[in-house]
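The values are calculated or read from the model by the stated rules, or taken from the named source; none is laboratory data. All figures in this text were calculated on a predicted structure; none of them were measured in a lab. Heads up, the Cβs are rebuilt from the backbone with ideal geometry, glycines too, and the neighbour counts pull from every protein chain shown. Note: areas computed on protein heavy atoms with side chains; ligands, DNA, RNA excluded. Shrake-Rupley method; radii C 1.70, N 1.55, O 1.52, S 1.80 Å.
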Amino acid sequence: MRIFVTGAAGFIGQAVTAELIGHGHDVLGLARNDANAAILEAAGAAVHRGDLNDADSLIAGVRQADAVIHLAFIHDFAKFQQNIETDNAVVTAMIEALGGSDKPFIGTSGTLMLPPGRLGTEQDRPGSRGGGVSRGDTELVVTGASGVRGAVVRLSPSVHSQADKHGFVPMLIKIAREKGHAAYIGDGANRWSAVHQLDAARLYRLAVERTPGGKTYHGVGEEGVAFRDIATVISEGLDLPVRSIAAEEAPGYFGWMAGFAGSDNPASNAITREALGWEPTHPGLLDDMRAHYFG
C-alpha cells in the first residue's frame, strides 16, 4: 500500500515509517519544514508538504494514498483544548476525503484520556474534560466513519527507546536535574502504562494492514509501572535523592506535568493482542531507562 503518514518525521513517526517501508509499503510522509523533509527522504519516504493548520494540504495527501496513519498532534499543552479541536477538524476532513473508499484510516489517541484508577481496556471511552471537543469525540469520528476502515491506537503516556529525547521521561529527568532530586507524589503507587517505540511502530503497521474498521487498539507494552519506580530509576541514574512530595507540592515541582505525574493510568492490551496478533518484544520502561536515558 501507499500510506500517507502524518507526523512521519517525529519520534514515533520515524519508527512507523521504517516499519512500513521494511514490510514493503510505500510511505508518503507529511513534512511541515525542510528539516522534516530531509528526515523523510533519508528514510526512503516520499515527502508531502503541509501541516495541521492547513486542512487542504492534508486532504491532498490523503487523496494520493491507499491508507492513512495519523500521528501528528500539536504538543503545546498550554493550548491543549485548542489543539484537540484542531485535531478533530483535520481528522474529520481527512475522513470525509476518503469518502466511501473502504480505505484504512488509523488515528491516534492516548490511554491517559481514560478514566483513572482502574485497568483501562480498549472498550472504554475517554472521560470528558468538560466543555468543547474531547479526544473521545475524535476517536468516535474515526471508529464511527462510514465507508472507511477507521481505527484508533491509544498510546501509553511513556513511549520509550534510546531515541526518546522529548517525551515525558526526558522531561522528568530534566526536572530532577533542575530541582536536585527526583520526586513522586504521596506513596508513588500510581501507575503509568508504557510501550517501546518499536513495538508501537509494529502495532501501527498491523493495524493498517489488518483492521476491519470500527476498532480501538492499545499501544501498551506494560500495563502499569509505578511512578515511584520511575522516580527511583531517575534518582539512581542522576545520583540524586528521591523524595515523596504532597499533592499540593506537585505543581511547584512538576509544573504543567503535575496532573500527569499524579495520574493512575494502568491499561490493558489483551484485546489488541488477540485482534492483531501483536506481541510486545522490546525492553520494558525501567530497563530501557537504565540502559539509555543517562548516558
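Filter the range 191-218 for residues that are within 30 Å of Gly237 (Cβ to Cβ) and among the acidic types (Asp, Glu) and give the result. Matches in the range 191-218: Asp199 only.
Among the conditions (1) out of contact with any Asp or Glu (no Cβ under 8 Å at 6 or more places or on another chain); (2) under 19 Å from Phe11 (Cβ atoms); (3) open to solvent by 20 Å² or more (accessible area, probe 1.4 Å); (4) not in a helix (DSSP H, G or I), Asp164 misses just one, which is (3). When the test is whether a residue is under 24 Å from Phe77 (Cα atoms) and in contact with a strand residue (DSSP E or B) (Cβ under 9 Å, 6 or more places away or on another chain), Val220 passes it.
Report yes if Val159 is among the β-branched types (Val, Ile, Thr), crowded, with 20+ Cβ neighbours inside 10 Å, under 20 Å from the mean Cα position of the chain (by Cα) and closer than 21 Å to Asp264 by Cα, otherwise no.
Considered against the rule, which asks whether it is among the β-branched types (Val, Ile, Thr), crowded, with 20+ Cβ neighbours inside 10 Å, under 20 Å from the mean Cα position of the chain (by Cα) and closer than 21 Å to Asp264 by Cα, Val159 comes out as yes.
The number of residues in the range 117-128 being part of a loop (DSSP other than H, G, I, E, B) and either on the phi > 0 side of the Ramachandran plot or modelled with pLDDT of 90 or more (or both) comes to 7. Of all residues in the range 175-190, those that are closer than 18 Å to Gly237 by Cα and part of a strand (DSSP E or B) total 3. Would you say Phe105 is among the aromatic types (Phe, Trp, Tyr), in contact with a strand residue (DSSP E or B) (Cβ under 8 Å, 6 or more places away or on another chain), in a loop (DSSP other than H, G, I, E, B) and open to solvent by less than 40 Å² (accessible area, probe 1.4 Å)? Spelling it out, it is not the case that Phe105 is among the aromatic types (Phe, Trp, Tyr), in contact with a strand residue (DSSP E or B) (Cβ under 8 Å, 6 or more places away or on another chain), in a loop (DSSP other than H, G, I, E, B) and open to solvent by less than 40 Å² (accessible area, probe 1.4 Å).
Filtering the range 191-204 to residues that are open to solvent by 10 Å² or more (accessible area, probe 1.4 Å), part of a helix (DSSP H, G or I) and in contact with a His (Cβ under 7 Å, 6 or more places away or on another chain) leaves Gln197, Leu198.
Counting only residues that are in contact (Cβ under 8 Å) with a residue 12 or more places away in the chain and either out of contact with any helix residue (DSSP H, G or I) (no Cβ under 7 Å at 6 or more places or on another chain) or among the polar types (S, T, N, Q) (or both), the range 22-34 holds 3 of them.
For Ala207, the criteria (1) in a loop (DSSP other than H, G, I, E, B); (2) in contact with a Phe, Trp or Tyr (Cβ under 9 Å, 6 or more places away or on another chain); (3) not acidic (Asp, Glu) hold in every case but one, which is (1).
Assess whether Ala72 counts as being touching a strand residue (DSSP E or B) at 6+ places or on another chain (Cβ under 9 Å), open to solvent by less than 10 Å² (accessible area, probe 1.4 Å), at pLDDT 95 or above and outside any helix (DSSP H, G or I). Against the criterion (touching a strand residue (DSSP E or B) at 6+ places or on another chain (Cβ under 9 Å), open to solvent by less than 10 Å² (accessible area, probe 1.4 Å), at pLDDT 95 or above and outside any helix (DSSP H, G or I)), Ala72 does not qualify.
The condition (being surrounded by fewer than 18 Cβ atoms within 10 Å (Cβ to Cβ), over 22 Å from Gln197 (Cα atoms), modelled with pLDDT under 95 and among the aliphatic types (A, V, I, L, M)) is satisfied by just one residue among Ala93, Ala78: Ala78.
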